[in-house]
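The values are calculated or read from the model by the stated rules, or taken from the named source; none is laboratory data. None of these values were measured; they are calculated from a predicted model. When we count neighbours, we look across all protein chains shown, and the Cβ atoms used for this are built from the backbone with ideal geometry, even at glycine. Note: accessible area is taken over every heavy atom of the protein model, side chains too, but ligands, DNA and RNA are not part of it. Shrake-Rupley method; radii C 1.70, N 1.55, O 1.52, S 1.80 Å.
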Amino acid sequence: MAKIIIANWKMNPVSIEEAVELAQATDYENLVMCPPFPFLKAVGSVISKAKLGAQDLFWEGPVGPFTGEVSATELKKIGVQYVIIGHSERRKNLGETDEMVGKKFVAAVKNGLIPILCVGETWEEKQSGEKEKVLKEQIKTAFQKLKIDPPVGGLKLKIYVAYEPVWAISTSGVNSHPDRPEDTLETIAFIKKVLSELNYNFDIKFIYGGSVNLQNAGDFLQHEEIEGALIGGASLKPEEMEKIITQI
Ligand code: PGA
């Protein structure tokens, strides 16, 4: 099975013209492009191989008095198929809790969007030996919500879990170097164990994110257990993306 690249543009670029240009330059199969909300429609209209993803959603909807929020239905109506949920920058800057992330996760699944659920520990949590506890809590809160509030139809759901150690994200400034692939493999095995205890019948794929670039993408993606990468900074560089995509 081909691996997947999730291109998380974050709050880039500054104009719709640049967004369209970047989209055209990085329109590849097995790539999910996640531009900021204002560019989704324009990007969706110029890509033919890549899929469209959003960087967030709100759990209520399809419409309602929720200033500044965007619902799953609204996203679907403009062609969005994937959505990043619980990115650490939102957890940190906007106070998104495991509980809120769980609600968003359920909203995505129930509305037929494929979620990319981000989990990961901070540097302090890693240093103080709390990594596994944190990951377990993040995973359990999200998946248990899905159990309480399952989608109708008994579908075998496709879900991506992105392990993104917060300290490894390129802009984190703490340590800012990628995880070691062998450690990522161990972490994925741990997450799988947590999920197996929860006994779910979902089609879950595991990907890694945090300072993935041209130099190290192959080190991660060569492993069968790492089924893709979530890429921030490097996703804005077409020359780099072209070379990364050939490795999947
Ligand atoms: P990065 O970002 O590739 O720039 O480290 C990854 C992410 O935040 O999803």
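Highest mean first, the peptides 57-69, 12-24 sorted by other C-beta atoms within 10 Å per residue fall in the order 12-24, 57-69. Which of the three applies to the range 42-93, rounded, prolate or oblate, going by the alpha-carbon gyration tensor with a ≥ b ≥ c and a/c under 1.5 meaning rounded? In terms of gyration-tensor shape, oblate. Ellipticity at 222 nm from helices only: DSSP H runs of n ≥ 4 in the chain, each -39500 (n - 2.57), divided by the residue count, give -11000 deg cm²/dmol.
Charged neighbours of Glu132, selected by a Cβ distance under 11 Å, balance to 0 (K, R count +1; D, E count -1). Counting charges near Ala217 (Lys, Arg +1; Asp, Glu -1) among other residues having Cβ under 14 Å from its Cβ returns a value of -3.
In this label model, His177 and Val46 are separated by 3.7 nm, measuring between points 7 Å along each Cα→Cβ vector.
Note on the chain: with neighbouring protein chains present and a 1.4 Å probe, carbon and sulfur make up 51 percent of its accessible heavy-atom surface.
Accessible surface area normalised per residue over the chain is 47 Å², counting heavy atoms of protein chains with a 1.4 Å rolling probe. In a reduced charge model with +1 at each Lys and Arg Cβ and -1 at each Asp and Glu Cβ, the chain shows a dipole moment near 760 debye about its Cα centre.
Highest-first packing order for the peptide set 37-43, 227-233 is 227-233, 37-43, based on the mean count of other beta carbon atoms within 10 Å. May I ask for the net charge around Gly79, where only other residues with Cβ less than 12 Å from the Cβ of Gly79 are counted and Lys, Arg are +1 while Asp, Glu are -1? Cβ neighbours under 12 Å give a net charge of +3. Rg/Rh for the chain (Cα atoms only, Rh after Kirkwood) is 0.94. Contact order, relative form, for the chain: 18 percent (alpha carbon pairs under 8 Å, 6 or more residues apart, mean separation divided by residue count).
When peptides 161-171, 70-80, 88-98 are ranked by their average number of other Cβ atoms within 10 Å per residue, the highest-first order is 161-171, 70-80, 88-98.
State whether the range 2-53 is rounded, prolate or oblate according to the following rule on the C-alpha gyration tensor (a ≥ b ≥ c being the square roots of its eigenvalues): a/c under 1.5 gives rounded; otherwise a/b larger than b/c gives prolate, and the remaining case gives oblate. Here the range 2-53 falls in the prolate category.
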